[in-house]
Structure formats: C-alpha cells, structure tokens
1. Against the condition at pLDDT 95 or above, over 19 Å from residue 197 (Cα atoms) and crowded, with 17+ Cβ neighbours inside 10 Å, how does residue 140 come out, does it pass?
2. Tally time: how many residues in region 171-189 are at pLDDT 90 or above, under 17 Å from residue 255 (Cα atoms), outside any loop (DSSP other than H, G, I, E, B) and out of contact with any helix residue (DSSP H, G or I) (no Cβ under 6 Å at 6 or more places or on another chain)?
3. Given the residues 242, 212, which is the only one that is touching a helix residue (DSSP H, G or I) at 6+ places or on another chain (Cβ under 8 Å), in contact (Cβ under 8 Å) with a residue 12 or more places away in the chain, under 23 Å from residue 32 (Cα atoms) and buried (at least 19 other Cβ atoms within 10 Å of the Cβ)?
4. Just one of the numbered conditions (1) more than 28 Å from residue 26 (Cα to Cα); (2) at pLDDT below 90; (3) within 34 Å of the chain's Cα centre (by Cα) is not true of residue 151; which one?
5. Just name the residue that is nearest to residue 53 (Cα to Cα) out of those in region 261-276 that are part of a helix (DSSP H, G or I) and in contact with a strand residue (DSSP E or B) (Cβ under 9 Å, 6 or more places away or on another chain).
6. Taking only region 190-216 into account, find how many residues are under 20 Å from residue 6 (Cβ atoms) and not in a helix (DSSP H, G or I).
7. Taking residue 247, is it touching a residue at least 24 places away in the same chain (Cβ under 8 Å) and in a loop (DSSP other than H, G, I, E, B)?
8. I'm told residue 168 meets every condition in (1) assigned to a helix (DSSP H, G or I); (2) modelled with pLDDT of 90 or more except one. Can you identify the failing condition by its number?
C-alpha cells in the first residue's frame, strides 16, 4: 500500500484567452483574496463598528491592490531573476507569464496607504490594524493558487500526507540507483521509474502556508483584536508581522529551495525568504512592546458619530 498522496493535476488556465487576457486560477485567487478583504472591512463600515467612510476605504484598498501587484512583480524581478530582467526590461510588464514575490508586494501594499493617510485625517496604524486582519485569508487564497499551479513544493518527505507533484522538473528529481533513494522507494511502496529518475513525495508546503499563515493567523488576529480590552494602536499590525515572520521562517525548513527562496550566504538551509522574515519578526516584537507601552487607543473603532482629531 502506498504511504503517500498524489497531488491533483489542474489546468492553471481557467479561461483561455489570447495573451494577457487569459484568466488563470492564480489570478482568480488574487481576486478572491481582495474580495474577502473588501467585504470584511465593508461589513465593519456597514455595522458602524469603525469610523471610516466607504470612499476612504475604497481608496486605500485600491492602493493596496496596486501595491500588491506592482510590488510583487518588481520584487520578483529584482530579487529572484534580476539578471534576466535587466537584459529584458520589457518582460517586467508580462505579468500574465507569472512571477510575483510576497515580500515585495507586502512592502508596497503597506507603503502606498501610508502616503495616502498622511493626506487625510486617518491615522496609518489605526487603519493598518483593521486592514491587516483579512490579509492572511487573502494570502491563503494565493497559496491555494500555488497548489493549483503545482508550484513551490517542499522537500522530500515520508509523512503520510506527502504528495507527488507531477510538475517537479527532471532536474529536481532523484536518481533511483542511489541506495538511499532505492530504500525510500521500497519503504513507501513506489515503483522504480523506467527513466532512472524518481519523483519522490514532498511536503505540500503550499497547504502548510494556507493553513498556518492564512487561516490560523487570520483567527489569531481576529481573536486578539476582539477578546479582552481594546488593543492599542499598532498592536494588531505588529502581531501580524511577528506571526507571519515566525511561520514563514519555520516553513522554509520544509520548502524546496527555488529561485523564489534560494539558499544564500553559502548555507545549506538559510534562504532569502528567511532573511526577509527576520526583519518582520523583529519589527513585530518591537511594535508590540511599543504599542502596549504607549497605550494609544485606536481612533477608528468606536462610535462612528465621534469626530476624529
């Protein structure tokens, strides 16, 4: 009996149209993520739980959308394949060919609303503490898109939920003539391949991230915000930075090193995503300490009739 799973094979194109008009499952997941965030905040406005107008929220969400797309694309081009895009700069615009980087999108999605709030009566950290709560669910939709595409799989694993991804290229498969590979194949009940290269089951890290950085982190932020005394300004955003940073750093141990998360500094385990996670962790810890020390209340929660200072 096989002690592993086989990942389902999906057609990554949902609606096959010419060039940039093609609708992919991954693009649809981005849309679902933004719709979730939109209806989450809109329900707060409708129920008069926060002091923010629909126009203000629409402007902020539009900037976040632009930031995620532009920042994610530029992050991919600058940190993942810089040499290629320096030689082919027009390819940066070919977003329909894929290629987004989370940390670039996160930075731009946080920076653009900061510029906007400086020109309004809104306080940036007040807004961020609300907008960041549905963000993990938007990330969860994105990871489901990665799973549909069969990309960003993990390292080989003997766990019962390990999956064989048909999308793993030959260069990342293993030689069945090596003793450890042959023993592994026999142990999990896999047939030896005719080609000599075996596609071993791997950690489905897309689903790990969907569950941990997505669903679980969403409920952690929601419960943190709602249970107990009102939380001070900046604390929810700080908890997101800390939670995501820790979860991403840990999951990187199970993720197969790729161009998106390449090994760096001559290490056999430390990746570029771990490097970017460290500032998030430190910022989250520092932010939580400072927010509770200052104890400044969040001004957008409360009676909508109350005027902002």
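The values are calculated or read from the model by the stated rules, or taken from the named source; none is laboratory data. All figures in this text were calculated on a predicted structure; none of them were measured in a lab. Ideal geometry is used to build each Cβ from the backbone, glycine not excepted, and the neighbour counts take in all protein chains shown.
1. Working: at pLDDT 95 or above: yes; over 19 Å from residue 197 (Cα atoms): yes; crowded, with 17+ Cβ neighbours inside 10 Å: yes.
Judged against the criteria, residue 140 is a match.
2. Number of matching residues: 1.
3. On the way: 242 fails: under 23 Å from residue 32 (Cα atoms).
So the residue among 242, 212 that is touching a helix residue (DSSP H, G or I) at 6+ places or on another chain (Cβ under 8 Å), in contact (Cβ under 8 Å) with a residue 12 or more places away in the chain, under 23 Å from residue 32 (Cα atoms) and buried (at least 19 other Cβ atoms within 10 Å of the Cβ) is 212.
4. (1)
5. Narrowing region 261-276 to residues part of a helix (DSSP H, G or I): 261, 272-276.
From the residues that got through so far, the ones that are in contact with a strand residue (DSSP E or B) (Cβ under 9 Å, 6 or more places away or on another chain) too are 261, 272-273.
On the way: 261: 39, 272: 39, 273: 36 Å.
Only one residue fits best here, namely 273.
6. Result for region 190-216: 14.
7. Values: touching a residue at least 24 places away in the same chain (Cβ under 8 Å): yes; in a loop (DSSP other than H, G, I, E, B): no.
The answer is no for residue 247.
8. The failed condition is (1).
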